[in-house]
1. Does residue 189 fit the bill of being out of contact with any Pro (no Cβ under 6 Å at 6 or more places or on another chain), in a helix (DSSP H, G or I) and touching a residue at least 12 places away in the same chain (Cβ under 8 Å)?
2. Keeping to the stretch 28-45, report how many residues are in a loop (DSSP other than H, G, I, E, B), buried (at least 19 other Cβ atoms within 10 Å of the Cβ) and either on the phi > 0 side of the Ramachandran plot or among the β-branched types (Val, Ile, Thr) (or both).
3. Residues that are touching a helix residue (DSSP H, G or I) at 6+ places or on another chain (Cβ under 9 Å) and surrounded by fewer than 23 Cβ atoms within 10 Å (Cβ to Cβ): list the strands (runs of 3 or more DSSP E) wholly contained in the stretch 374-469 that include at least 3 such residues.
4. Those residues that are over 21 Å from the mean Cα position of the chain (by Cα) and surrounded by 14 or more Cβ atoms within 10 Å (Cβ to Cβ), I need them from the stretch 264-283; list them, please.
5. Would you call residue 265 farther than 26 Å from residue 454 by Cβ, in the same structural domain as residue 184 (by TED's automatic domain parsing), of a type outside the set (S, T, N, Q) and at pLDDT below 90?
6. Which members of the stretch 236-259 meet the condition of being at pLDDT below 90 and among the small types (Gly, Ala, Ser)?
7. Tell me, which residue of the stretch 331-371 that is assigned to a loop (DSSP other than H, G, I, E, B) and among the hydrophobic types (A, V, I, L, M, F, W, C) is modelled with the lowest pLDDT?
8. Taking the options 129, 72, name whichever one is modelled with pLDDT of 85 or more, out of contact with any Cys (no Cβ under 9 Å at 6 or more places or on another chain) and more than 17 Å from residue 51 (Cβ to Cβ).
Amino acid sequence: MDSYQYLFPYEKIKPHSKVLIYGTGVMGQEYLRQILITGYCEVVGMIDKNYFNYSNMRVPVYAPDSIKELQYDYVVIALQKADWLNEILLVLKAEDVPESKIVYTLLRDTENINIFGGADSELVENPAYELTEKSIAISVTGGIGDMIIQKSFVKAICDLEDGCLIDIFNVDTQEMLEYLYEDDEHINAIIPNIGIRYELNHEKYALAIFIEGGAYIRVDRFNDGIFSENQSFVKAVNGVIEFCDNESANMKTPLYSLMGRRIYLGQNCYSWFGCGDALNISDKVDILLTEGGKRWFLYQDIMEKQYITVNYGNGKCSDGSLVSKAWALEKFNNLVEEIYKRHPGMIVIQVGDAAAETIKGVNCSFKGEPFENLAYILKNSRLHIDIDGGLVHMATQLGTKCVVLFGPTPVEIYGYKQNINIVSKDCNGCFGLYKNMYQCAKGYEKPLCMENITVEMVMDKVDEVLGGK
């Protein structure tokens with residue numbers, strides 16, 4: 001009998017439906033194989049940007065921009081991890097695929113399933129709505145930086161209603177969220193939103209809010225009667241609802257138009273979460289410093305040493321290419337070499353994703369370290385050098401100055417005034433202009449915005465912080 005690592009999301013698809021499978025990799029092929037065997041539904045085709053490589057598939061393979069021409073009931077995303085989920089959702093949005101027709105579950109355990117209970121729709125042992133009337137569900141998406149920024153919104157909600165208890169739903173950043181909210185008494189649970197847990201359960205909460213990265217907010221439920229004794233809270237939530245209605249933003253709204261609106265209104269990535277003047281949003285977010293992280297850091301014997309941190313990469317696109325805001329590895333290699341020349345004795349430590357390529361010449365690498373350890377590394381760094389991304393937000397909130405290289409993402413929205421932000425004058429700020437926001441809007445293999453930021457430009461700013469040349 002065949003053993004399937006990737007189980008087709010039967011529970012979300014009506015029998016005999018017409019289905020498009022987005023992705024022709026191992027997961028997509030297993031989905032197709034299961035449907036061909038069971039006949040549960042009809043796979044009318046598969047979607048892949050490299051469709052031309054799959055002429056011998058059992059079903060037709062189409063380019064993403066062909067979706068509008070096809071007849072289907074559901075688009076099933078065959079994706080193992082959430083790294084590229086937002087990119088694919090933006091593609092589907094651009095092709096006018098309704099949210100109700102998009103299905104994804106990511107990788108799930110098919111070997112250790114408890115057959116005596118535990119449906120995908122079940123939550124934790126004691127969800128917030130079973131513990132208090134003032135229960136809140138917040139479903140969040142995005143990366144590390146988004147999670148840090150979104151915490152300012154969550155804090156503003158908690159400040160207005162001290163008696164609330166919150167369950168946070170998320171697809172693929174559980175570790176970061178558990179660390180970020182570990183000491184927050186208002187957070188009841190971090191719940192993996194595998195399948196449709198939030199969608200099936202949000203009506204059980206007094207307030208349910210969906211946050212799509214830094215793009216838009218949607219209030220799915222508000223029982224104002226539960227909070228009738230706190231009219232300040234009721235007024236604030238109604239203000240959020242009114243703001244969201246006025247913005248009229250959803251998955252189909254071009255991200256570039258949202259960014260342009262915020263720049264015009266003078267909003268940044270934090271102040272926008274104030275939803276007009278509904279909430280009092282602070283751009284200062286507490287990053288937890290744990291005793292475990294401190295013990296680990298002291299054991300590394302670097303606390304008394306002078307060091308700077310660098311981070312290379314910010315993930316890859318679904319075709320394996322670097323995201324458009326990445327700075328070339330060769331430039332990072334040359335930068336480290338130049339740092340040693342100008343600042344003898346300075347230690348350079350690489351941080352970031354465990355899968356990132358190692359920068360040549362770094363003294364040591366702490367890639368892939370747990371967040372509680374990473375927090376101490378960043379906090380004690382003389383300087384952090386990075387492209388715009390999650391570790392910049394984390395380091396800045398810990399009080400460490402950063403040299404940040406900006407290309408497609410708008411510095412007006414994501415730049416911190418206390419940092420040194422380098423912006424290419426030749427081309428910049430195209431983020432979200434097209435449906436594939438992770439690749440150069442002008443089609444360059446090496447985007448001009450990042451290519452034209454030179455090692456010398458970065459070193460000049462490093463010298464400003466470290467002194468001398």
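The values are calculated or read from the model by the stated rules, or taken from the named source; none is laboratory data. Quick caveat: nothing in here was measured; it's all calculated off a predicted structure. Heads up, the Cβs are rebuilt from the backbone with ideal geometry, glycines too, and the neighbour counts pull from every protein chain shown.
1. no
2. 0
3. 420-423
4. At the first step, the residues of the stretch 264-283 found to be over 21 Å from the mean Cα position of the chain (by Cα) are 264-266, 276-280.
Hits for the stretch 264-283 are 276, 278, 279.
5. Here the answer is no, as residue 265 does not meet what is asked.
6. The answer is 248, 249, 257.
7. 355
8. On inspection, the qualifying residue turns out to be 129.
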